[in-house]
Amino acid sequence: MAERWQMRVEHPVDGTALVRLSGSWRMEDRLPAVGEVQRQIETGRALRRIVFDTQGVTAWDTGLLAFVSKLREWGSAEGIEPDLTGLPEGIQRLLRLAAAVPPRKTGRSDIRLPWLARVGTTALAAWAGAAEMLTFVGGAFLAVLALLRGKARLRGSDLAVYIQECGASALPIVTLISFLVGLILAFVGAVQLRRFGAQIYVADLVGVAMAREMGPMMTAIIMAGRSGAAFAAQIGSMQANEEVDALTTMGLSPMEFLVLPRMVALTLMMPLLTLYADLLGILGGAFVGITMLGLAPTQYFHETQSFLNLTDFAMGLIKSVVFGVLVALAGCLRGMQCGRSSAAVGVAVTSAVVTGIVCIIFSDAILTVVYNALGF
Amino acid sequence: MPSASNAAPPGGAGPQVPRVAVADLTLAYGSSVIQRDLTFAVRRGEIFIIMGGSGCGKSTLLRGLIGLLPPARGDVLFDGRSFCTADPEERKRMERRFGVLYQKGALFTSMTLAENVALPLQEFTDLAAAQIREVVALKLALVGLAGFEDFYPSELSGGMQKRAGLARAMALDPDILFFDEPSAGLDPISSKLMDDLILELRDSLGATVVAVSHELPSIFAIGDNAVFLDAETGTMIAQGNPRALLAESTDPKVRAFLTRGDAGVPAR
């Protein structure tokens, strides 16, 4: 294929290489590598000078610039200083401009640390992270204490907004998920219980599972994905935008101003949402019991009522309060730790949801064991 | 590029056709008109300033020029060809011929500087990876950021981010460079360096520059031609070389702007 560029290296005088360029030297012209010049320069002769003739060049852009700059780099490594005067005026100016600021030694190194050092660095980072988390939790705790003693200010308007955000606005999704969870539980139970003709116990199974376990847990997971993520995004973007710094310098504590209302709102709303989820889950179970297992509605509800007692609900509600605190803390913590770029906000949100869900499952396991030990 | 700008542009238009022509342009957000009846032309190789006080619609006009805001009326022509009515394919080809430097650089925060500058090269040229690396190093060197290839934008100062944004805007050797407030937010020395850089790049690359600015020193230092937008009347009230406008304009608003209010008219 005929190239749109042409290059010839001549030796008019001993020790001088004349690089004659013509045609189109643009990025899309598949320009030659510098090795091509090296190949054409006759070996065995001492080269002292490289000069250019570019009178035949019809069009050029960064492609030619990159070529010349690379050639110059190679030349200075070989101890030859190319004479640039034969190049187009624009190229000469751009080369001067590129050389105006010397490359900065940025002190970056890609040296991989030895294995032990990497373990150590990771451990230290984990320790620092844990310390930061503890500091934050401690700060939040102190803020709550201050609030209880009436020393902290809680802006009512903010609190109302957050209560709506993580209470009423969450109802549709909580409705859907809890109803379906109740339905699934009933299905799983029905398949087994029908074999013994004990369909009626589906009511007990769904009721106790929803009240003690699935109600609080599913609600908490929904809230981690909904409100925890929202908290991290809100506070994170404020952090990225220096708004948190602005608050601090105004003498307002970010802990009181940003974290406290969110935490209080979520902690207040979680038990309410959980009760609602319990009810919807039981309805979901009843739907399966009535349509699939042929139970009468009254029969189903009577069974549920007689089997469940208030302790079951109380156990679930205690869990939901704990989950609420944890999800709010995880969201706010990740938001406060957010870096100063838009990418960091995304990382903070992801991290808030993951932290929230891990905390939920972990504390759920602990609480279940504790309840068991206490005999509830 | 010089050679490219001397040659006749595609479409057979002669060199007398302005690089950018704005014809009776009206820009509006919904029903609120920001600027109306704008008509001006930017010649090849010229540095054209869009000036005016804060909130007069300078940046809106820029958004209109680069196609981010479809005009309510009128048209923008590049080399005599309509940009606003071009079909999507042609529009893309036109867009590839201009580079835009946004006010805060608009670098992609999840990418290093090298990746930022390399992105258009990877997407729109068939250069090999090694060649892209060379071009990227060169572009960063041109804006004085040699050696910063592996830095993330968040690790740089505002002025450096802006220069890196310029390197990215220049990646594809555009014929037209658009700048939104090139020297805003920079200290006087960095601002002067930015002006010098724009002049040097225009002179050596032969690119046409359209810049939004309200920084007087910068306007007088680099501007060949300018329009003055007025917020009250919602249209342009002066056009010409900024230094000539300073010497000759009789409009009190233009005088107040160009003399920082010393002309006896309350500024802005």
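Just so you know, all these numbers are worked out from the coordinates, no wet-lab data involved. None of the values given here were measured: they were computed from a predicted structure. Quick reminder, even Gly has a Cβ in these numbers, built from the backbone with ideal geometry, and neighbours come from all protein chains shown.
In nm, give the distance between the simple-model label positions of residue A:81 and residue B:91, each being 7 Å from the Cα along the Cα-to-Cβ direction.
For the pair residue A:81/residue B:91, the computed spacing is 5.3 nm.
Can you give the log10 of the normalised intensity I(q)/I(0) at q = 0.14, 0.18 Å⁻¹, computed with Debye over equal Cα scatterers of the range B:114-258?
Once normalised to I(0) and log-transformed, intensities are -0.73, -1.04.
Where the Cα atoms of chain B are projected onto their three principal axes, how long is each span, largest first, in whole Å?
Taking max minus min along each principal axis of the Cα atoms, chain B gives 58, 43, 37 Å.
State to the nearest 20 debye the size of the charge dipole of the range A:103-260 about its Cα centre, where the only charges are +1 on K and R beta carbons and -1 on D and E beta carbons.
420
Kirkwood hydrodynamic radius (Cα pairs, Å) of the range B:103-173?
11.7
To the nearest 10 degrees, how steep is helix A:156-166 against the longest Cα principal axis of chain A, on a 0 to 90 scale?
Computed tilt is about 90 degrees.
Sort A:290, B:49 so that the residue with the fewest other Cβ atoms within 10 Å of its own Cβ comes first and the one with the most comes last.
So the residues, fewest neighbours to most, are A:290, B:49.
Averaged over every viewing direction, what's the projected area of the C-alpha convex hull for the range B:39-124? Give it in nm², one decimal, please.
Details: hull surface 29.7 nm².
Its average projected convex-hull area is 7.4 nm².
Quick one: length gained pulling residue A:302 to residue A:4 fully straight, 0.36 nm per residue minus the C-alpha distance?
Stretched fully, the residue A:302-residue A:4 segment lengthens by 98.4 nm.
Treating the range A:192-308 as a set of equal point scatterers at the Cα positions, no solvent, please give the Debye-formula log₁₀ I(q)/I(0) at q = 0.11, 0.15 Å⁻¹.
-0.54, -0.73
Place a label point 7 angstrom from the Cα of residue A:154 along the Cα-to-Cβ direction, then list the residues of the range A:218-262 whose backbone nitrogen is under 18 Å away.
A:253-262
Taking chain B as a Gaussian network, where each spring joins two C-alpha atoms under 10 Å apart, which residue of B:170, B:94, B:51 fluctuates the most?
B:94
What's the FRET efficiency of residue A:168 with residue B:237 using the Cβ-Cβ distance as r and R₀ = 30 Å, to the nearest 0.05?
0.05
Please give every one of the aspartates and glutamates within straight-line cross-link reach of residue B:162, meaning a C-alpha to C-alpha distance under 12 Å, and leave out same-chain neighbours fewer than 8 residues apart.
Output for residue B:162: B:180, B:181.
Rounded to the nearest angstrom and ordered from largest down, what semi-axes does the equivalent ellipsoid of chain A get from its C-alpha gyration tensor (root of 5λ)? Mind showing how you got there, number by number?
Numbers: eigenvalues 1024, 159, 75 Å².
With the √(5λ) rule applied to chain A, the semi-axes are 72, 28, 19 Å.
If Rh is defined by the Kirkwood formula over all Cα pairs and Rg also comes from Cα, what ratio Rg/Rh do you get for the range A:81-220?
That ratio is 1.37, to two decimals.
If each residue of separation counts as 0.36 nm, what is the full-extension length gain between residue A:46 and residue A:116 once their alpha-carbon separation is subtracted?
This chain segment gains 20.1 nm when fully extended.
Placing +1 on the Cβ of each Lys and Arg and -1 on the Cβ of each Asp and Glu in chain B, which of B:216, B:47, B:135 has its Cα farthest towards the positive end of the resulting dipole?
Selected residue: B:216.
Seen from all sides and averaged, what is the projected area of the convex hull of the Cα atoms in the protein assembly as shown, in nm²?
Values: hull surface 175.8 nm².
Result: 43.9 nm².
For q = 0.22, 0.25 Å⁻¹, what log10 I(q)/I(0) does the range A:5-100 give under the Debye formula with an equal point scatterer on each alpha carbon and no solvent?
Debye curve over Cα of the range A:5-100, log10 I(q)/I(0) at q = 0.22, 0.25 Å⁻¹: -1.21, -1.55.
Can you list the lysines whose alpha carbon is less than 29 Å from that of residue B:253, not counting same-chain residues fewer than 8 positions off?
B:58, B:104, B:192
If the range A:45-123 were replaced by its equivalent ellipsoid, with semi-axes equal to the square roots of 5 times the Cα gyration tensor eigenvalues, what would those be, largest first, whole Å?
40, 16, 11
With +1 assigned to the C-beta of every Lys and Arg and -1 to the C-beta of every Asp and Glu, and no other charges, what is the dipole magnitude of the protein assembly as shown about the Cα centre in debye, to the nearest 20?
My answer is approximately 680 debye.
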